[in-house]
Amino acid sequence: MPIYDQGYRRYEARGPLRQVRFWPITREALRLILSKRAFLGLLAVSFLPFVVRVIQVYVVTRFPEAGRVLPVDGRLFGQFLNMQIGFTILLSIFGASGLIANDLRTGGILVYLSRPLTRRDYVLGKLGVPLALNLAVTLVPALGLYAAALSLAPDQFFAWELAWIGPAIVLHSFVISLFVSLLALTVSALSRSARVAGLAFFGLIFGLEMVRVVLQHGFGRREAMVVSFQADLRSLGSSLFGLADPELAMHWAAPAAVLLVVSLACLAILRVRVRAVEIVT
Amino acid sequence: MTDEAAPLVQFQDLAVSYGLVQALAGVSGGFPPGPTGLLGPNGAGKTTLLKTLLGFLDPDRGRMAAFGLDPTKQALEVRRRLGYMPEQDCHLPGMTASAFVAFAGELSGLPRDEAISRSHEVLYYVGLGEARYRNVETYSTGMKQRAKLAQALVHDPDLLLLDEPTNGLDPQGREEMLALIKDVATRRGMSLILCSHLLRDVERVCENVIVLNQGQVARTGTIRDLTGPRRQAFDVRFKGDATGVLTDLKDLGGDWRDGEDGFRLFLPEGQGPDTIFRLAKECGVQVRHLRPGAETLEDVFLAALGHEIQG
């Protein structure tokens, strides 16, 4: 049948502009990522520490003497969240590296920006993807762990002096997830290849961690901790949950300032890179 | 413009630059309802004009209004009423055509159910019905062009912007794409701007044209107004130095330009091929080949641009 014999229906029911315009972007990207079995496997593995910690809480409540080896208190949640940082990095490498890089490669960015969307909507929509994934492996299991602790050891955790744990979990989970997501998205915006962006993000995170280790252990420079984003995040967690880690012992303001400056730099880079028109002068 | 209806898009003294490069140097004009061609050689400023209309670029000076709205200040409202088919490849990796087009519709503000329903309809309309569940990345160039058109059509825009829609297509694919665009414009009554450097493409679809050259409007009007009564043209090959013939022809009120193989001569009204033979005889050159033809839009276009795009 010739193409001009086929129907085309006009659409007259145009409504007002949506208030929340970024959500379809996040939803569709999450749907694509979660359709990959390997990624689902990684997500499942990210919950293993949660299972282990729940078992730990259970064992300590049944056998209190085990608490001497595996103490169950507020620090448990800080240790748990600090461990989850590694998973947020892995999830961001596989889940966020292509988010903007692929759009730059295939011209998909024009599909978004030629619509009634602002660049902020686009960035928010894309940022929502790693943020949702990272919160799923930090906030969700940490709150689950807290709920498990409350139900298994109510005498210990239903105490006013431990009421800070809930807000601390929410705060640290958001700091970890937001920072890692923003950094991964920015690296993705700097390349047209998801693979290159993934490797660059991996190199940035683990390269700086290596630099920290060398400077701290080789040259005895304790302040070198701030060069590693992972160490900055862990240090904030340690300050928040009262963990004693001599390697990360630094006033919380220093790592917080580093993370804030890097986040602002990321936003500036995204502002430059996310454009419908590439201007080469 | 012969169309009496108010222009959908108007621009006045519009200047846009990329750093030091002036892409549009104070252009004025408008796009009336219906299909309008935006013609010009590469680098003329056609795509810049479209991107300014989409609100991607801020003008250095001048004003632009689309549907009575300012694209720089009300970009979202303007974009909602536009459908844009970019020149370059554009698809979303990992998506089937139906998911891609439905997603594009949803981004344009359609409710999800309606976007899905319309994506199937539009994909059938552009001839991708049977292939709509295939990943767009596996499509041929022609199919990708159709998918691009579908994503621009899915929300039923008031004005469709087509930037070089036949790029990379084989002759058959090009014919089909032009037939489709013509159908959108004539049978579906959708206004569109067809941006192309291929004059025959514009001639097939549009009545009105704006010719841009070096960031300025070279000509504007209906194709009929632009071309006037087309002059009689002949493709001629001479043996010997034809400079004298060409000069005498100009003196008679005719014109010429380099052809693919020889010269294309345009005779003044009332003159026939015997004029060419007479002039050749007077100048002592032989006519080795003479083929009659009509003046094409390309000839008019070149005349409008002062032959600046030759070579």
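Just so you know, all these numbers are worked out from the coordinates, no wet-lab data involved. Computed from a prediction, not measured in an experiment: that's the story for all the values here. In this analysis, Cβ positions are derived from the backbone assuming ideal geometry, glycine residues included, and neighbour counts consider all displayed protein chains.
Listed by chain and number, the lysines whose alpha-carbon sits under 28 Å from that of B:K239, ignoring those within fewer than 8 places in the same chain, are B:K250, B:K281.
Classify chain A as rounded, prolate or oblate, taking a ≥ b ≥ c as the square roots of the eigenvalues of its Cα gyration tensor: rounded when a/c is under 1.5, otherwise prolate if a/b is larger than b/c and oblate if not. In terms of gyration-tensor shape, prolate. Each residue in A:L99, A:L199 was given a count of other beta-carbon atoms within 10 angstrom of its own, and listing them fewest first yields A:L199, A:L99. Between A:S263 and A:L199, the contour length at 0.36 nm per residue exceeds the Cα-Cα span by 21.1 nm.
Normalised by the number of residues in the stretch A:139-248, the mean separation of alpha-carbon contacts (under 8 Å, six or more apart) gives a relative contact order of 19 percent. Mean separation of Cα pairs under 8 Å and 6+ residues apart, divided by the residue count of chain A: what relative contact order is that in percent? Computed value for chain A: 23 percent relative contact order. For the stretch A:100-107, 3J(HN,Hα) computed residue by residue from phi via the Karplus equation (6.51, -1.76, 1.60; θ = phi - 60°) reads 9, 4, 5, 5, 5, 5, 9, x Hz, glycine and proline entered as x. Applying the Karplus relation 6.51 cos²θ - 1.76 cosθ + 1.60 with θ = phi - 60° to the stretch B:160-168 yields 3J(HN,Hα) values of 9, 9, 10, 9, 6, x, 9, 4, x Hz, where x marks Gly and Pro.
Counting neighbouring beta carbons within 10 Å and listing from fewest to most, the residues B:E282, B:E207 come out as B:E282, B:E207.
For chain A, modelled as a GNM with alpha-carbon contacts under 10 angstrom, which of A:V45, A:V180, A:V69 fluctuates the most? In this elastic network of chain A, the residue with the biggest mean-square fluctuation among A:V45, A:V180, A:V69 is A:V69.
Summarising the amide proton neighbourhood of B:L160: residues at separation of 5 or more, or on other chains, whose placed amide H is nearer than 5 Å comprise B:G83, B:S191, B:L192, B:I193. Once the Cβ-Cβ distance of A:L30 and B:Q12 is raised to the sixth power relative to R0 = 41 Å, the FRET efficiency obtained is 0.35. The per residue volume of the convex hull around the alpha-carbon atoms of the stretch B:9-224 is 116 Å³. Taking chain B as a Gaussian network of alpha-carbon nodes connected by springs under 10 Å, the highest mean-square fluctuation of the residues B:T48, B:T247, B:T186 belongs to B:T247. Charge dipole of the stretch B:9-224 (Cα centre as origin; +1 on each Lys and Arg Cβ, -1 on each Asp and Glu Cβ, all else neutral): 240 debye, rounded to the nearest 20. Helix B:171-186 sits at what angle to the longest principal axis of chain B, using alpha carbons and giving 0 to 90 degrees rounded to 10? The two axes meet at around 70 degrees. Here the 3J(HN,Hα) profile of the stretch B:102-110, calculated from phi with Karplus coefficients 6.51, -1.76 and 1.60 at θ = phi - 60°, is 5, 4, 4, x, 5, 5, 7, x, 6 Hz, Gly and Pro shown as x. As a proxy for reagent exposure, B:T36, A:T118 were ordered by neighbouring Cβ count within 10 angstrom, fewest first; the result is A:T118, B:T36. The label-point distance for A:A159 and B:R257, in a model that sets each label 7 Å from Cα toward Cβ, rounds to 9.0 nm. Listed cross-link partners B:K73/B:K182; B:K73/B:K148; B:K148/B:K182; B:K73/B:K144; A:K126/B:K46 are compared with a 24 Å cut-off, the Cα-Cα value being larger for B:K73/B:K182; B:K73/B:K148; B:K73/B:K144; A:K126/B:K46.
For chain B, set up a Gaussian network in which alpha carbons nearer than 10 Å are linked by springs, and say which option among B:P292, B:P33, B:P165 fluctuates the most. Of the options given, B:P292 has the highest mean-square fluctuation. Given a cut-off of under 8 Å on Cα pairs at least six residues apart, what relative contact order in percent is computed for the stretch B:9-224? After rounding, I find 29 percent. All other residues whose Cβ lies under 14 angstrom from that of B:P93 are scored, Lys and Arg at +1 and Asp and Glu at -1, for a net of +4.
In this structure, the amide hydrogen of B:Q216, modeled 1.01 Å from its nitrogen in the peptide plane, lies closer than 5 angstrom to those of B:A25, counting only residues at least 5 positions away or on a different chain.
Distances longer than 24 Å among the Cα atoms of the stretch A:107-219: what percent of all pairs is that? In whole percent, the share of Cα-Cα pairs in the stretch A:107-219 beyond 24 Å is 49.
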